[in-house]
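Have a look at the structure below before the remarks.
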Amino acid sequence: MLPIGPLMIEHRLIERMIDLARREADRIENGGPIDTDFIRDMVDFMRTYADRTHHGKEEDILFRELRERDLSDDDMALMKELEEEHVRARALVGALEGAGLGAESSPGGSGDEIIRTLREIVALYPQHITKEDERFFPASMGYFSDEEKDTMLATFREFDREMIHERYRATVEGIERTRPARKTERSAQ
């Protein structure tokens, strides 16, 4: 397996959480109450799994190694763009946490902010993941020998030993069980 394999697998779980965020924004927008438990779970997932675990491997291992290579101008620009998007994602998750705390102290008062922030997260992640999966990750592997790729994959595994993938998979699955997909007018057509 290439080192990008685990990163792409992690993207699939992040996409599931992003779909849950979209559904939550729709639900609140349609008059449903703010589910502060969902907001807390999402903030926890995004901070620990998406950022610390996933972006941690990207930034602290893959990107760090790539900075030591003679990247093309396009690949360097794309890497910087991805890093900026990671910073943007962190800010959005912080804003979501603040809005969620506001909703806990003043129920219903942060609905618009929660919807707006969820929608921004939902807009950011799919295009970010597509850039990585389809453009950056495949190109990045061309900068490493097979031995270096194997070493990076082993480094990723060691990094993951310190993380708790199972907890966050269970978090997403638990939320998915309590929020069954509902058909929208668009999906029914």
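Tabulated results
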| read-out | value |
| --- | --- |
| F63 out of contact with any Ser or Thr (no Cβ under 6 Å at 6 or more places or on another chain) and either within 27 Å of I164 (Cβ to Cβ) or surrounded by 14 or more Cβ atoms within 10 Å (Cβ to Cβ) (or both) | yes |
| Evaluation of G31 against (1) closer than 14 Å to T171 by Cα; (2) of a type in the set (G, A, S); (3) open to solvent by 60 Å² or more (accessible area, probe 1.4 Å) (one fails), failing number | (1) |
| Failed item in (1) within 28 Å of L92 (Cβ to Cβ); (2) in a helix (DSSP H, G or I); (3) open to solvent by 20 Å² or more (accessible area, probe 1.4 Å); (4) not aromatic (F, W, Y), with V172 passing the rest | (3) |
| Lone qualifier among E81, E85 - being farther than 24 Å from I39 by Cα, assigned to a helix (DSSP H, G or I) and in contact (Cβ under 8 Å) with a residue 12 or more places away in the chain | E81 |
| Single unsatisfied condition, E148 versus (1) over 17 Å from E10 (Cα atoms); (2) modelled with pLDDT under 95; (3) in a helix (DSSP H, G or I) | (2) |
| Residue within region 16-24 that is acidic (D, E) and under 18 Å from T130 (Cα atoms) present | yes |
| Residue selected from region 66-110 under the condition exposed (fewer than 14 other Cβ atoms within 10 Å of the Cβ) and hydroxyl-bearing (S, T, Y), by the criterion nearest to Y125 (Cα to Cα) | S72 |
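The values are calculated or read from the model by the stated rules, or taken from the named source; none is laboratory data. A quick note: this is a predicted structure, and the numbers were derived from the prediction, not measured. Please note: Cβ atoms are built from the backbone with ideal geometry, for glycine as well, and neighbour counts cover all protein chains shown. Keep in mind that these areas ignore ligands, DNA and RNA; they rest on the heavy atoms of the full protein, side chains included. Shrake-Rupley method; radii C 1.70, N 1.55, O 1.52, S 1.80 Å.
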